[in-house]
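*Asks:* Shown below is the structure under consideration.
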Amino acid sequence: MKLKGLLNQIFELGSKMVKLSSGKVIDNILTGDNLANSMYILKQCDEFKNVKDFQQMFNPIMVDQSNIIVSADTMKLSDDTPFEFNDILYLYSISLMPEMYDQKTWYEPVKDSIGISPTSYNPIDLSPTKRITIEFSPERKQDIHDIGDERAKKEIREKLEKVLENPKEYQVKGVRGILIRGIWKNVGDNKNIQFPLSDKVKHD
């Protein structure tokens, strides 16, 4: 099981539960109680399945066995930069980053030679805008402007109707990374941290 797929399921289910109960929105981040309720299933993910000591930390700062304060680090995971934890992990939070888009694919067709661009914002009044791209052969260009060619007009109308009926299917897809905050040590790391960690400073 991949971590991103699991997070998408958790946040989608969380949003539905919020709508039903009028509770607190999870907002694409697991921490505190929300993280505690998900620790067992997170351990089944490919990125965490080899962790020997998998614990939750409720504060971003902890103390090691040498009484040295240790702060949570942040790591970004993406499809291009996968990573697997394999020894010790104290997890403070895990979240999905906002969807990012490649400008090169902004207006590329997604399905049936049609695509809907991501939302862009007017820099003056911040009004949102989306654009629909319809791809067709240049040889048909004159036909579309030909008032007598109803076939070409019908083709364009049918494509627009497809978009309006199922806009999600034609939306240009972006990439979402994962942010992990915590303290970890993998096999072979030279981190000078004396585990296990505690949330309290030892006094002599």
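*Asks:* Which residues, taken from the range 61-101, are touching a residue at least 60 places away in the same chain (Cβ under 8 Å), under 22 Å from the mean Cα position of the chain (by Cα) and not in a strand (DSSP E or B)?
*Replies:* Scanning the range 61-101 gives Ala72, Ser78, Asp79, Phe85, Met97, Pro98, Glu99, Tyr101.
*Asks:* Sticking with this one: Could you check how many residues of the range 108-129 are over 21 Å from the mean Cα position of the chain (by Cα), under 11 Å from Val172 (Cβ atoms) and in a loop (DSSP other than H, G, I, E, B)?
*Replies:* So the count comes out to 2.
*Asks:* Among the residues of the range 1-33, count how many are acidic (Asp, Glu) and at pLDDT 85 or above. Give the derivation first.
*Replies:* In the first step, residues of the range 1-33 are kept if they are acidic (Asp, Glu); the result is 12, 27, 33.
Within this subset, residues satisfying the condition of being at pLDDT 85 or above are 33.
So the count comes out to 1.
*Asks:* Report yes if Arg140 is part of a helix (DSSP H, G or I), of a type in the set (Lys, Arg) and either assigned by TED's automatic domain parsing to the domain that holds Ser71 or modelled with pLDDT under 85 (or both), otherwise no. Before the answer, list the steps.
*Replies:* Working: part of a helix (DSSP H, G or I): yes; of a type in the set (Lys, Arg): yes; either assigned by TED's automatic domain parsing to the domain that holds Ser71 or modelled with pLDDT under 85 (or both): yes.
Considered against the rule, which asks whether it is part of a helix (DSSP H, G or I), of a type in the set (Lys, Arg) and either assigned by TED's automatic domain parsing to the domain that holds Ser71 or modelled with pLDDT under 85 (or both), Arg140 comes out as yes.
*Asks:* Please find, within the range 151-182, the residue that is surrounded by the most Cβ atoms within 10 Å (Cβ to Cβ) out of those that are within 20 Å of Ser120 (Cα to Cα) and under 18 Å from the mean Cα position of the chain (by Cα).
*Replies:* Among those residues, the one meeting the criterion is Val172.
*Asks:* Lys153 passes all but one of (1) touching a strand residue (DSSP E or B) at 6+ places or on another chain (Cβ under 8 Å); (2) farther than 30 Å from Leu6 by Cβ; (3) modelled with pLDDT under 85; which number fails?
*Replies:* (1) is the only condition that Lys153 fails.
*Asks:* Among the numbered criteria (1) of a type outside the set (Asp, Glu); (2) over 30 Å from Glu161 (Cα atoms); (3) touching a helix residue (DSSP H, G or I) at 6+ places or on another chain (Cβ under 9 Å), which one does Ile116 miss?
*Replies:* (2)
The values are calculated or read from the model by the stated rules, or taken from the named source; none is laboratory data. It should be emphasised that the depicted structure is a prediction, and the values quoted were computed from it without experimental measurement. Please note: Cβ atoms are built from the backbone with ideal geometry, for glycine as well, and neighbour counts cover all protein chains shown.
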